[in-house]
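The values are calculated or read from the model by the stated rules, or taken from the named source; none is laboratory data. Just so it is clear, the structure is predicted and the values come from calculations on it, not from any experiment. Virtual Cβ from ideal backbone geometry, glycine too; neighbours counted across all protein chains shown. SASA here: full protein model, heavy atoms, side chains in, ligands and nucleic acids out. Shrake-Rupley method; radii C 1.70, N 1.55, O 1.52, S 1.80 Å.
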Amino acid sequence: MNTPSMPNRNSKPNGGPYTPLHSTSSSSSRWSSHSASSTDSSRFWRTPPKALKQNTHSWNTLRLSLWSRVCKHTSPRRIAFFLTAIAFIVVLCIPAATTHTADVTSLTAYQPTRPYMPATTGQKGPDPVKWLEQNSDNKYAVSTGFHLPSLGWNTRPRAALISLVRNSELEGMMQSMRQLELRWNSKYQYPWVFFNDEPFTEEFKAATRNLTSAKCYYEIVPKEHWTLPDWIDEGRFMNSLEYLGTIGVGKGWLVSYHHMCRWNSGFFYKHPFLRDYDFYWRVEPDVHYFCDIDYDVFRFMRDNKLKYGFNMNILDDARSFPSLWTRTRNFAAAHPHLIHPEADLDWLLDPTSGGEYNNCQFFSNFEIGSLDFWRGEENEAYFEWLDKAGGFYYERFGDAPVHTLSVAMFLPKSEIWFFRDIGYQHDINHHCPPHREGKCSCQPTSVDANFYKLVPLESPQKKPSDTCIRQFLGGDWLKKKEGWSMVGEKAFGGDGYHGYELSGDE
Ligand SMILES: Nc1nc2c(ncn2[C@@H]2O[C@H](COP(=O)(O)OP(=O)(O)OP(=O)(O)O)[C@@H](O)[C@H]2O)c(=O)[nH]1
Ligand SMILES: [Mg+2]
């Protein structure tokens with residue numbers, strides 16, 4: 001209840017509208033101004049400026065002359081222009097003000113995990129961790145409205161979610177889409193681009209469109225990107241299919257699987273539809289996304305000059321690519337000028353076997369990357385080299401090891417990002433980051449969790465001395481507890497990969 005000495009904030013003195021006398025005054029002086037008599041208030045509203053007070057006549061004259069000037073110089077078109085200009089300024093200023101005051105959201109329990117970079121020339125690059133600290137608040141989410149002033153026009157990366165998928169995998173595709181839309185894309189609205197070696201059915205199109213408010217595109221893979229090249233001997237290929245089937249190399253007996261690996265290795269980025277795009281996020285049917293993602297991953301990649309992002313780094317079945325390393329080494333020897341000066345291949349080489357490939361791979365069914373990187377001269381030359389040798393058909397070169405070797409040869413580590421914060425599952429491989437409650441619907445897994453899921457520990461394939469992800473991260477991640485030995489751990493039934501000072505849950 002208001003006391004007489006404290007007038008109601010909304011009361012209108014003498015029936016007029018309430019306006020503080022001094023908009024910048026403190027609340028107490030505002031209230032005391034209002035405790036002035038109603039006569040004072042009414043005078044404030046109705047009295048002309050002091051200089052004209054004595055001469056009402058000249059005040060009226062001035063008012064009339066001003067009005068006639070305005071009328072003389074103003075046309076409806078000018079008024080429209082004037083109002084449009086004001087509206088434009090308002091649109092520009094309001095979001096700028098809100099952007100500046102936007103909260104910087106902490107990264108909660110998750111701390112980005114970065115590799116130890118090999119010594120470089122000392123140049124200072126972008127700082128992705130700082131970027132995340134400042135932008136993990138959905139700052140660029142479409143749903144938060146305009147961002148034009150702070151970002152300028154056309155600053156959204158040209159990026160898409162891409163998926164090679166069959167009509168028969170509609171259910172699995174819907175599952176992947178639902179989760180990625182819920183966790184991320186409903187906030188960012190990047191388009192979906194579906195690729196297929198045959199036309200998509202109307203049912204596929206309708207069902208997928210129904211799951212997103214972003215645009216969807218349905219593209220056919222050009223025939224020449226999905227057929228046996230003329231330098232491949234068909235008979236030899238058929239023998240290989242039989243052999244790979246006999247020894248049980250995953251899906252190695254399926255013709256389509258070989259086309260798929262080759263397409264993902266060297267053709268997806270050449271599809272005419274992607275010509276106008278710079279970044280992609282590869283999505284497979286039947287995968288899971290467990291965590292809310294609170295930033296624009298494509299902006300993150302672009303702003304920090306990152307070219308390749310992964311979230312699992314695990315061992316691959318070496319029987320599928322027996323000649324891959326020899327061919328890669330020969331390529332590097334023949335094209336030394338194409339290898340990046342800051343490339344770090346050490347983490348992929350086994351020192352105990354004179355520098356053979358240790359079969360570690362970025363698990364490429366999850367990838368966020370730069371299309372320009374793949375389109376570059378270096379990668380193109382490498383792909384051509386492998387393709388001409390027939391390894392996509394006579395063996396089963398997978399896009400995962402091929403991408404891994406390409407990324408390692410042609411990029412510095414500072415342009416590769418470990419998306420540990422993106423909880424993800426592909427079949428038996430399952431990755432969940434440390435997180436704050438409510439952010440992910442999964443139990444955190446160790447960084448080492450998926451290391452030998454594709455290659456049983458019992459297989460005769462030689463294993464690296466450290467898990468693949470630790471090989472990549474390097475530094476402290478490789479330090480072992482004092483007194484620990486792999487042999488000792490195995491003798492007590494362990495797998496030999498538990499001796500680390502850093503547990504992998506950090
Ligand atoms: N359109 C089309 N898509 C294919 C074909 N073969 C594979 N794909 C897609 O290519 C991606 C990889 O194929 P998968 O069979 O899942 O290969 P993978 O991931 O190595 O094998 P899994 O571990 O069994 O999932 C998936 O998105 C498939 O939908 C094909 O012949 N046609
Ligand atoms: Mg798959």
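Going by average Cβ density within 10 Å per residue, which order do the peptides 474-485, 275-286 take, highest to lowest? Kindly include the intermediate steps, with their values, before the conclusion.
On the way: 474-485: 12.8, 275-286: 18.5.
Highest mean packing first, the order is 275-286, 474-485.
Each DSSP beta bridge with both residues in region 155-473 is either parallel or antiparallel, and the antiparallel ones are about 55%.
Please arrange 270, 305 by accessible surface area, largest first, computed with a 1.4 Å probe and ligands excluded.
Of 270, 305, the descending order of accessible area is 305, 270.
With the cut-off at under 17 Å, measuring from each backbone N in region 364-380 to a point 7 Å along the Cα-to-Cβ line of residue 158 picks out 369-376.
Ignoring lysines fewer than eight residues from residue 205 along the same chain, the ones with Cα atoms less than 30 angstrom from its Cα are 187, 215, 223, 251, 270.
Can you compute the modelled spin-label distance between residue 492 and residue 182, with each label point 7 Å from Cα toward Cβ, in nm? A separation of 4.1 nm, rounded to one decimal place. When region 155-473 is described by a simple charge dipole with +1 on each Lys and Arg Cβ and -1 on each Asp and Glu Cβ, the residue from 410, 226, 175 located farthest towards its positive end is 175.
When 319, 299 are compared by accessible area of protein heavy atoms, the largest-first order is 319, 299, using a 1.4 Å probe. Expressed in Å, the radius of gyration and Dmax of the Cα atoms of region 155-473 are 19.0, 56. Taking only the alpha-carbon positions of region 364-406 and ignoring solvent, what does the Debye formula give for the base-10 log of I(q)/I(0) at q = 0.14 Å⁻¹? Each listed q corresponds, in turn, to -0.33. Counting only protein heavy atoms and a 1.4 Å probe, region 155-473 has 38 square angstrom of accessible area per residue. Remark: region 155-473 carries a charge dipole of roughly 540 debye about the Cα centre, counting +1 on each Lys and Arg Cβ and -1 on each Asp and Glu Cβ. Label-to-label distance, residue 234 versus residue 129, with points set 7 angstrom from Cα along the beta-carbon direction: 5.8 nm. Accessible area ranking (1.4 Å probe, heavy atoms, ligands and nucleic acids excluded), largest first, for 340, 271: 340, 271. Maximal additional length on extending the residue 353-residue 117 stretch stands at 82.5 nm, based on 0.36 nm per residue less the C-alpha distance.
Any chance you could check the Cα centroid distance between region 270-288 and region 451-506 for me, in angstrom? That distance is 34 Å.
Counting 0.36 nm for each residue step from residue 213 to residue 137 and taking away their Cα separation leaves a gain of 25.2 nm. Classify region 391-435 from the C-alpha gyration tensor, please: rounded if a/c falls under 1.5, else prolate or oblate depending on whether a/b exceeds b/c. Oblate is the answer for region 391-435, as a/c is 1.5 or above yet b/c matches or exceeds a/b. Look at the Cα gyration tensor of region 305-364: its axes a ≥ b ≥ c give a/c of at least 1.5 with a/b at or below b/c, and that counts as oblate. Here the Karplus relation 6.51 cos²θ - 1.76 cosθ + 1.60, evaluated at θ = phi - 60°, turns the backbone of region 339-353 into coupling constants of 6, 5, x, 9, 5, 10, 9, 4, 5, 9, 10, 9, x, 6, 10 Hz, with x for every Gly and Pro.
Residues whose amide H falls under 5 Å from that of residue 500, counting only those 5 or more places apart or on a different chain, are 481, with hydrogens built in the peptide plane. In region 321-439, the alpha-carbon atoms span a convex hull of 140 Å³ per residue.
Just how much of residue 486 is accessible, in Å², when a 1.4 Å probe is used and the result is rounded to the nearest 10? The value for residue 486 is about 50 Å². For residue 166, the accessible area of its heavy atoms, probed at 1.4 Å with every protein chain present, is near 120 square angstrom. Once each part is reduced to its C-alpha centroid, what is the distance from region 322-359 to region 376-407 in angstrom? Comparing the Cα centres of region 322-359 and region 376-407, I get a distance of 13 Å.
Listed by chain and number, the lysines placed with their C-alpha closer than 22 angstrom to that of residue 124 are 305, 307, 413; residues fewer than eight positions away on the same chain are left out.
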